[in-house]
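J.: Please find one structure pasted underneath; my questions will follow.
The values are calculated or read from the model by the stated rules, or taken from the named source; none is laboratory data. Values in this document were obtained by computation on a predicted structure and should not be read as measured data. A quick note on method: Cβ atoms are made from the backbone with ideal geometry, for glycine too, and the neighbour counts reach across all protein chains shown. Just the protein is used for accessible areas: all its heavy atoms, side chains included, with ligands, DNA and RNA removed. Shrake-Rupley method; radii C 1.70, N 1.55, O 1.52, S 1.80 Å.
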Amino acid sequence: MKYAVFFMALLGVPPLAVVLSFNKALAKYVAWAMIGALAIYQSTAINFFSHEDYRGSARGMEVSIVYLLALALVILAAIKGKLPKLFPSAGSWLFAMYFLLCLPSLSSAENLLYSWMEIWKMIMLYLTYLSIRAYLNVTGDVKSLVKGLAAFALWNLFLVAKAHLAGVYQPHGSFAHQNCLAMAMHLFANMFFAVYLVKGWKRSWLNTAAFVAATGCIVRTYSRGAIAMIPLSFSITFVLTLFFAVKSSRHRIFARIAPFAVLGLLAMAAMLPRIVERFEQAPDASANTRKELALCAMEMIADEPLRGVGINNWGIKINAPYDYAERAGRNTNRVEDFAYGIVETVYLLVGAECGLPALAEMVAWFFFYFFRCVSLSKKLSGLAYAAIPAGLAGGLFASYLQSCLEWVLRQQMNLILLMVFFSLVDYLHANASRLKVSDLRNGGRDV
C-alpha cells in the first residue's frame, strides 16, 4: 500500500510543478512542506531494496516525500526558465569531486548493493541542494525559507518538551538520535542567534523564538560534544555578527545579549546536575569502544589508503572473515556487541570506507562552506542578510568539530539540512549585489 501511495505521489509531481508555474507565490508552501516533511521523515520514506538490519550509514535506496517536493521545485524552475546550472557554485563542484572519489571504493566492496544505497543517498542529497537553489531562483524569497526553518526548530522543541515530560532521558526530537538533533540544532541556534542580534525580538520574534528553541534542544539532549561546542560556536557567531552584520551602534548587541545570557545561566544552573552526571558517569566501555573502532578504521585505511574498503561496507568489513578487529586488538569474543559497532567519527569512517583522497575532498567541501560563510558575512556587511552566513559559520564549525566524535554527518536528515543551508549560502553569495538593493529598499526586513 505504501509503495502504491508513493508512485501516485510521484505521478503528481509534474502537475504540481505546472500549477506552481501559474502562481509562483505558492512555491513557498512547497518549500515549507519540504522542510516540514523532515519532521515525519521516517514515516514518509520508502526504502527500495531495504536492509533494515544492516548496521551502516544507508540501509536502503531511500526516497522520501522531501525528495518528491524537491523534484517539483526543480521542474518549476525549468518551466520558468530559471533552472540553476547543474553545478552552480565552487561548493557544488567540490561535492561532485567528493562523489566521484567515492566511486573507486566500489571495486573493493564486499556488497555492491550496500554501496549503491549510499551512492543513491548522495544523489538525492544533491537533488535537495538544487531544489533550494531552484526555489530561490524563481521566488528570491529568502525570508519565507528562513521562516520554514524557524518553524522546524520550534517543532523539535515541542517534541523534546513532550519527551521530557514523558521521562525520556535523552530526547531526539524528529531525528534518529539525540546527537543528530544536537548537531543539527547548532546550525539553527547560531543562525537565529545572529538574526536576533541584528534585529532584536520585536522586529523578529519568530527568529528569536527559534533561537531559544534550538538552543534548548541542544542542552536538553545532554549530548556532551554538542554542549561543549556552545561557547565556541556562539563566540564565532557573535564576533562575525558584531563586525559585519550590524548597521547601527554596537551597544545594542550587548543589550540584546544580556537578557538571554541571564536566562541561559539560570537554565544551565537548573540542568547542571544532569549535565555533570552525563560527563562524569559516562561508562568506560563507551570510551574504550570508540578507541577500538578508531583503531579498526586506521587498519582499514592502512590496507586500502586510496580506495577504502567499500563505501557503506563498514558493517561487513568489521566482522569475520576480515581481520581488522584482531589487528586492532579488539576483543572479538563480544560477537554481538562487536557486530553492531561503527567508528564514532565521520572522518575515519569516510577514510576507511572510501580512502584518503575522498576524505580530503570531503573535508575541503565542508570547510569551503565555513570559509564562504565568513567571507560572505563581510561581503554582505551592514545588511540583515549578513546574519545568515555569520550564524552558519559558528554552527558549521561546531558541527565539523563535533564530527571528530560522531558520524552524524553521514545521517540522511542531517545531510539534507546541510544541503539546504549550503544552497542558501551559495544563493546569497551569487546574488549579493541584488540583495543589497533589496535590503535597502525594504529597510532590512528581508530576513
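J.: Do you know which of the residues in segment 123-142 that are open to solvent by 10 Å² or more (accessible area, probe 1.4 Å) and in a helix (DSSP H, G or I) is farthest from Ser57 (Cα to Cα)?
T.: Start the filter on segment 123-142 by keeping residues that are open to solvent by 10 Å² or more (accessible area, probe 1.4 Å), which leaves 123-124, 126-127, 130, 133, 137, 139-141.
Restricting the remaining residues to those that are in a helix (DSSP H, G or I) gives 123-124, 126-127, 130, 133, 137, 139.
On the way: Ile123: 15, Met124: 15, Tyr126: 17, Leu127: 19, Leu130: 23, Arg133: 26, Asn137: 32, Thr139: 35 Å.
Among those residues, the one meeting the criterion is Thr139.
J.: Could we say that Tyr29 is part of a loop (DSSP other than H, G, I, E, B) and either of a type in the set (Ser, Thr, Tyr) or exposed (fewer than 14 other Cβ atoms within 10 Å of the Cβ) (or both) here? Steps first, answer last, please.
T.: On the way: part of a loop (DSSP other than H, G, I, E, B): no; either of a type in the set (Ser, Thr, Tyr) or exposed (fewer than 14 other Cβ atoms within 10 Å of the Cβ) (or both): yes.
It is false that Tyr29 is part of a loop (DSSP other than H, G, I, E, B) and either of a type in the set (Ser, Thr, Tyr) or exposed (fewer than 14 other Cβ atoms within 10 Å of the Cβ) (or both).
J.: Restricting attention to segment 183-203, which residues are buried (at least 24 other Cβ atoms within 10 Å of the Cβ) and touching a Lys or Arg at 6+ places or on another chain (Cβ under 9 Å)? Give the derivation first.
T.: Step one: filter segment 183-203 for residues buried (at least 24 other Cβ atoms within 10 Å of the Cβ), giving 183-198.
Result: Tyr196, Leu197, Val198.
J.: Follow-up question, since we're still on this one. Pairs please, first residue from segment 177-198 and free of Cβ contacts under 8 Å to residues at least 24 places away in the same chain, second anywhere and part of a helix (DSSP H, G or I), Cβ atoms under 9 Å, 6+ apart in sequence or on different chains.
T.: Once the first residue is free of Cβ contacts under 8 Å to residues at least 24 places away in the same chain and sits in segment 177-198, no partner that is part of a helix (DSSP H, G or I) comes close enough.
J.: Does Val160 count as touching a Lys or Arg at 6+ places or on another chain (Cβ under 8 Å), β-branched (Val, Ile, Thr), in a helix (DSSP H, G or I) and surrounded by 17 or more Cβ atoms within 10 Å (Cβ to Cβ)? Outline the logic, then answer.
T.: Numbers: touching a Lys or Arg at 6+ places or on another chain (Cβ under 8 Å): yes; β-branched (Val, Ile, Thr): yes; in a helix (DSSP H, G or I): yes; surrounded by 17 or more Cβ atoms within 10 Å (Cβ to Cβ): yes.
Yes, satisfied.
J.: Return yes when Phe422 is among the aromatic types (Phe, Trp, Tyr), within 20 Å of Ser144 (Cβ to Cβ), part of a helix (DSSP H, G or I) and open to solvent by less than 10 Å² (accessible area, probe 1.4 Å) and no when it is not. I'd like the intermediate steps shown before the answer.
T.: Working: among the aromatic types (Phe, Trp, Tyr): yes; within 20 Å of Ser144 (Cβ to Cβ): yes; part of a helix (DSSP H, G or I): yes; open to solvent by less than 10 Å² (accessible area, probe 1.4 Å): yes.
For Phe422, the condition - among the aromatic types (Phe, Trp, Tyr), within 20 Å of Ser144 (Cβ to Cβ), part of a helix (DSSP H, G or I) and open to solvent by less than 10 Å² (accessible area, probe 1.4 Å) - is met.
J.: Going by the structure shown, is Ala70 touching a Leu at 6+ places or on another chain (Cβ under 6 Å) and closer than 30 Å to Lys143 by Cα? Show your work before the answer.
T.: On the way: touching a Leu at 6+ places or on another chain (Cβ under 6 Å): yes; closer than 30 Å to Lys143 by Cα: yes.
When the stated conditions are applied, Ala70 passes them.
J.: Step by step: first the residues of segment 334-354, then only those that are modelled with pLDDT under 90 and not in a loop (DSSP other than H, G, I, E, B), then the one that is surrounded by the fewest Cβ atoms within 10 Å (Cβ to Cβ). Which residue is that?
T.: Ranking the candidates gives Glu336 first.
J.: In this structure, is Ala151 touching a residue at least 24 places away in the same chain (Cβ under 8 Å), of a type outside the set (Val, Ile, Thr), buried (at least 23 other Cβ atoms within 10 Å of the Cβ) and farther than 18 Å from Met419 by Cβ? Show your work before the answer.
T.: Working: touching a residue at least 24 places away in the same chain (Cβ under 8 Å): yes; of a type outside the set (Val, Ile, Thr): yes; buried (at least 23 other Cβ atoms within 10 Å of the Cβ): no; farther than 18 Å from Met419 by Cβ: yes.
No.
J.: Determine the pairs where a residue that is of a type in the set (Val, Ile, Thr) and at pLDDT below 85, located within segment 318-333, has a partner that is open to solvent by 70 Å² or more (accessible area, probe 1.4 Å) and outside any loop (DSSP other than H, G, I, E, B) with Cβ atoms under 9 Å apart, the partner being 6 or more residues away or on another chain.
T.: Listed pairs, sorted by first residue: Thr332/Glu326.
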